[in-house]
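The values are calculated or read from the model by the stated rules, or taken from the named source; none is laboratory data. All of these numbers come straight from a predicted model, not from anything done at the bench. Cβ: placed from backbone, ideal geometry, glycine included. Neighbour counts: every protein chain shown. Note: areas computed on protein heavy atoms with side chains; ligands, DNA, RNA excluded. Shrake-Rupley method; radii C 1.70, N 1.55, O 1.52, S 1.80 Å.
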Amino acid sequence: MPETSAPKTVLITGCSTGLGRTTTLLFAESGWNVVATMRRPDPTLAATHPERLLVVPLDVADPASIEAALAAGAARFGGIDAVVNNAGITMLSVLETTPDAAIGRIFDTNLFGAIRVMRAAIPHLRRRGGGTIVNVSSGTGIAPMPLLSIYSASKQALEGLTESLSYELESQGIRVKLVEPGPMRNTAFTTTGMAASAEAPVPESYKAFFDHALGAMMNYPFPATPEDEVATAILRAAGDTSARLRYPVGPDTEEYARLRWTTSEEEYRAGMARLTGLDTWRAKAA
């Protein structure tokens, strides 16, 4: 009889709700062992696939919890073959009045948290002879949007970091990928982001623009990106042995990528003005 290869093991961050939970279940259903991590473990998630799913605590701000989660996954399944940095937070705000603490939280989760996880995971992947790191970015990592300056900055930093690492870690047999989803209308992600947004008051001089930009977001010209499509892209990226770096998901992100990389700077800026409602703001303010 032909030998069957052992299942691969992936560690995923931010699995309590939304995209992380959907991705966890898809990997398990696709034959992977999954180390599903979150700050407060949910045992009901492990019960869905008890033979393939290990739920452990992990806070991307706590290096000790990251090391412990990787060690627990390696002990349970024999090693770690892939890592998905999914944990992330957002907020809508005017930069001028965004509190330092809020800026710090966003960067500590979206950028520094991913760095901590990758640094801890690289030795585990190397011991397996290589592997894959998938960093979940955003359409704003390609094309920044108004009122999302801090979130966009954190995701663009993650994009630059990931691209650089894609060259650096090739020497270690480790592939690095970027999945770039459009808005998923995720309830928990949006609720958390709106709660954070309340920390940043909108100055009177910005209010008309803020309301206009928020209205443009509410009347976004693209449909929401289904969570399961993003999870499928993450699964595909984790198993892709090619040199491909970016996986845009959703019609808006695909349009951002087209504008950013196949047109001139003038065409890109004009296109983004249309998509963000800035062109109508300019006409109204003229």
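Some notes on this structure:
- With the highest mean first, a sort of the peptides 245-253, 38-46 on other beta-carbon atoms found within 10 angstrom per residue produces 245-253, 38-46.
- Solvent accessible area, Å² - Trp261, 1.4 Å probe, full protein context: 130 Å²
- Amide H within-cut-off set for Val176, under 5 Å, with H built and near neighbours excluded: Ile133
- Counting only protein heavy atoms and a 1.4 Å probe, the stretch 158-286 has 54 square angstrom of accessible area per residue.
- For peptides 12-19, 63-70, sequence by mean Cβ density within 10 Å, most packed first: 12-19, 63-70
- 0 to 90° range, to nearest 10: angle between helix 63-77 axis and the chain longest Cα axis: 40 degrees
- Global form of the stretch 70-193, assessed from the alpha-carbon gyration tensor, a/c cut-off 1.5: prolate
- Rounded to the nearest 10 degrees, the angle from helix 187-197 to the longest Cα principal axis of the chain is 50 degrees.
- Positive end of the dipole of the chain (Cβ unit charges, origin at the Cα centre): among Pro63, Leu19, Thr90, the Cα lying farthest that way belongs to Pro63.
- Residue-averaged [θ]222 nm for the chain, counting only DSSP H segments that reach four residues, each worth -39500 (n - 2.57): -16000 deg cm²/dmol
- Three-way shape label, the stretch 189-286, alpha-carbon gyration tensor, a/c 1.5: oblate
- Protein heavy-atom surface of the chain, 1.4 angstrom probe: 57% of the accessible area is carbon and sulfur, with nucleic acids and ligands not counted.
- Over the stretch 3-46, accessible surface divided per residue gives 44 Å², non-protein components excluded, 1.4 Å probe.
- Dipole axis of the stretch 99-187 (+1 Lys, Arg; -1 Asp, Glu on Cβ), positive-most option in Ala153, Gly104, Ser166: Ser166
- Listed candidates (i) 21.3, 69; (ii) 19.6, 76; (iii) 29.3, 99 - label of the one calculated as Rg and Dmax of the Cα atoms in Å: (ii)
- Once C-alpha pairs closer than 8 Å and six or more residues apart are averaged by separation and normalised to the residue number of the chain, the relative contact order reads 19 percent.
- For the stretch 7-50: rounded, prolate or oblate by the Cα gyration tensor [a/c cutoff 1.5]: prolate
- Each Lys or Arg adds one and each Asp or Glu takes one away; over the other residues whose Cβ falls under 14 Å from the Cβ of Thr37, this sums to +1.
- For Ala238, net neighbour charge (Lys/Arg +1, Asp/Glu -1) across residues whose Cβ lies under 13 Å away: +3
- The length gained by stretching the chain between Ser205 and Thr241 to full extension, at 0.36 nm per residue less their Cα-Cα distance, is 7.9 nm.
- Per-peptide packing, taken as the mean over residues of other Cβ atoms within 10 Å, places 74-82, 98-106 in the sequence 74-82, 98-106 from highest down.
- Relative to the longest principal axis of the Cα atoms of the chain, the long axis of helix 204-218 lies at roughly 60 degrees.
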